[in-house]
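K.L.:
Got a structure for you, written out below as C-alpha cells; questions coming shortly.
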Amino acid sequence: NAAARQRQPVVYFDEMVNRNARERAATHAELRRALTEGQFELYFQPKAALPDHRLVGFEALLRWRQPGHGIVPPATFVPLAEETGLIREIDVWVAERACEAIMRINRALNTDFSVSVNASAMALESGDYIRHLRRLIAENHIPVEWLEIEMTETTIGDDTVAAAALLAECRAIGLKVSIDDFGIGYSSLHRLRHFPVSGLKIDRSFVGELGQSNVARLIIRATIELGHAMGLQIIAEGVETLAQAEDLALLGVDVYQGYVLSRPLPEAELMRWIGNQDLGTLLLR
Ligand code: C2E
Ligand code: MG
Ligand code: MG
Ligand code: MG
C-alpha cells in the first residue's frame, strides 16, 4: 500500500547508511593496520627538465600491498584515509620514507636529485606535517632542495589563512611547493591566489588532449603564461609520447614526467633504470 511504499525508501536509506558506516569503519581499521604492519610502499617516477630532458628527480607515489588483494592504487584508499584524517599520519610516513630514499639515491650516485611527496591539504593544514618536514631536513642534514611538496587535489578546509601561513613557512626554509593536478580540481585558481606556491603541475588530462584539442592547448599555454608571469615553475604530468614532450618543450614547460620516461618504480628498479641512462647526456635522445 501507499504508506508502505512511502516508508520503504526510508528503511532502505537507513540500511545503506548503516552498511556504509560499517564498511567505512572496517576500511579505516584496515588502513590503520596497513600503516602499523608495513603494508605501504613507495614507488618513484622520474621527472626530467625541458628542453634538454635532463633527469632532475622523482615523484614518490604511495601503494598499498594489501594481503590477499595485491597492489591497491592510491585513488582507492587515499580518499578514505582523508575521511578519517589518517592521511595526516600516512603523509608523514611517506615524507620520512621518501627522505630516506633520496638520501640513499643521492649518496650512492653522488647526485642532487629531488623527491616530491604528495601532501593532502589536510596534512598541510595540521602544523604537524610541516614540523615533521623541518625535523627530517634538520636531523638528516640534507639540502632542503632534495625534498619538494605537491599539494594534492583535496577539499581544502575552512582555514585557508592558517594553511597559507604554514606554506609560507615551508617556502621560507626553501622548500618547493607545487599545486598538483592544476586545472581540473577544486578551486585551482583560488589556491593559486592564496597559497605561496613555487610551481604548478598541469593535470595529465590536458596533456593527453594536447594533440587533439585546441582548447586543451590554449589552457596549457595560458597556464604557462600565467605561471611564468608569477615566477612559478611549470610541470607537466602524464606525458606518454616523445611528441607530447617536444610539444610541451616548445610551449615552455620546465619539467615533465610520464610513461614516456618511465612508470613509477620501486626503489631497486628505479636504481636499475637510472643505471641504464647515460646521465651525462640527454634522456630520450
Ligand atoms: P598525482 O600526484 O597527480 O600522481 C600522478 C598519477 O599519474 C600517478 O597515479 C601516476 O602513476 C600516474 N601517471 C604517471 N605518468 C602517467 C602517464 O604517463 N599516463 C597516465 N595515464 N598516468 C600516469 P597514482 O600513483 O595512482 O596516484 C594517484 C594519485 O594519488 C596521485 O595523483 C595523488 O593525488 C595521490 N597520491 C599518491 N601518493 C600519495 C601520497 O603519498 N599521499 C597523498 N595524500 N596522496 C597521494
Ligand atoms: Mg602528485
Ligand atoms: Mg598530479
Ligand atoms: Mg593527477
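K.L.:
Please work out, to two decimal places, the log10 of the ratio I(q)/I(0) at q = 0.06 Å⁻¹ from a Debye calculation in which every Cα of the chain carries one identical scatterer.
P.N.:
For the chain at q = 0.06 Å⁻¹, log10 I(q)/I(0) is -0.22.
K.L.:
Here's a follow-up. Beyond 21 Å, what share of the Cα-Cα pairs of the stretch 187-272 is found? Please give it as a whole percent.
P.N.:
33
K.L.:
May I ask for the net charge around ARG204, where only other residues with Cβ less than 10 Å from the Cβ of ARG204 are counted and Lys, Arg are +1 while Asp, Glu are -1?
P.N.:
Spelling it out: positives minus negatives among the neighbours equals -4.
K.L.:
Using mean Cβ contacts within 10 Å as the protection proxy, how do 223-231, 115-123 order, highest first?
P.N.:
In descending order of packing, they fall as 115-123, 223-231.
K.L.:
What distance in nm lies between label points placed 7 Å from Cα along the C-beta direction at TYR259 and HIS69?
P.N.:
Between TYR259 and HIS69, the label points sit 2.4 nm apart.
K.L.:
What does the convex hull of the alpha-carbon atoms of the stretch 49-196 project to on average, in nm²?
P.N.:
Over all viewing directions, the stretch 49-196 projects a mean Cα-hull area of 10.2 nm².
K.L.:
Sticking with this structure for a sec: Would you compute the Debye intensity of the stretch 116-241 from its alpha-carbon atoms alone, equal scatterers and no solvent, and pass along log10 I(q)/I(0) at q = 0.11, 0.13, 0.18, 0.21 Å⁻¹ to two decimals?
P.N.:
Log10 of I(q)/I(0), two decimals: -0.39, -0.53, -0.95, -1.20.
K.L.:
Let me ask something else about it. How long is the gain from GLU96 to THR76 if the chain were fully straight, where each residue apart is worth 0.36 nm and the alpha carbon distance is subtracted?
P.N.:
Length difference between fully extended and current span is 5.0 nm.
K.L.:
Using 10 Å bins from zero, what percent of all Cα-Cα pairs in the stretch 113-185 falls into each bin?
P.N.:
19, 55, 23, 3
K.L.:
How many nm separate the modelled label positions at HIS190 and ASN140, each set 7 Å beyond the Cα in the direction of the Cβ?
P.N.:
It is 3.3 nm.
K.L.:
Determine, from the Cβ-Cβ distance of ARG107 and ARG131 and an R0 of 30 Å, the FRET efficiency 1/(1 + (r/R0)^6), rounded to the nearest 0.05.
P.N.:
For R0 = 30 Å, the calculated efficiency reads 0.75.
K.L.:
Okay, moving on. On a C-alpha basis, how far is the centre of the stretch 117-152 from the centre of the stretch 17-77 in Å? Whole number, if you could?
P.N.:
The stretch 117-152 and the stretch 17-77 have Cα centres separated by 18 Å.
K.L.:
Using per-residue counts of other Cβ atoms within 10 Å, averaged over each peptide, order 188-199, 65-76, 267-278, 49-60 from highest down.
P.N.:
49-60, 188-199, 267-278, 65-76
K.L.:
What number, rounded to the nearest 500 deg cm²/dmol, is the helix-based mean residue ellipticity at 222 nm of the chain, given -39500 (n - 2.57) per DSSP H run of at least four residues and division by all its residues?
P.N.:
-16500 deg cm²/dmol
K.L.:
Calculate, in nm to one decimal, what GLU41 and GLU209 gain on full extension: separation in residues at 0.36 nm each, minus their alpha carbon distance.
P.N.:
57.4 nm
Quick note: the coordinates plus some simple rules give every number you see, no bench work behind them. Fair warning: this is a prediction, and the values are worked out from it, not measured in the lab. Positions of Cβ are backbone-derived with ideal geometry, glycine not excepted, and every protein chain shown enters the neighbour counts.
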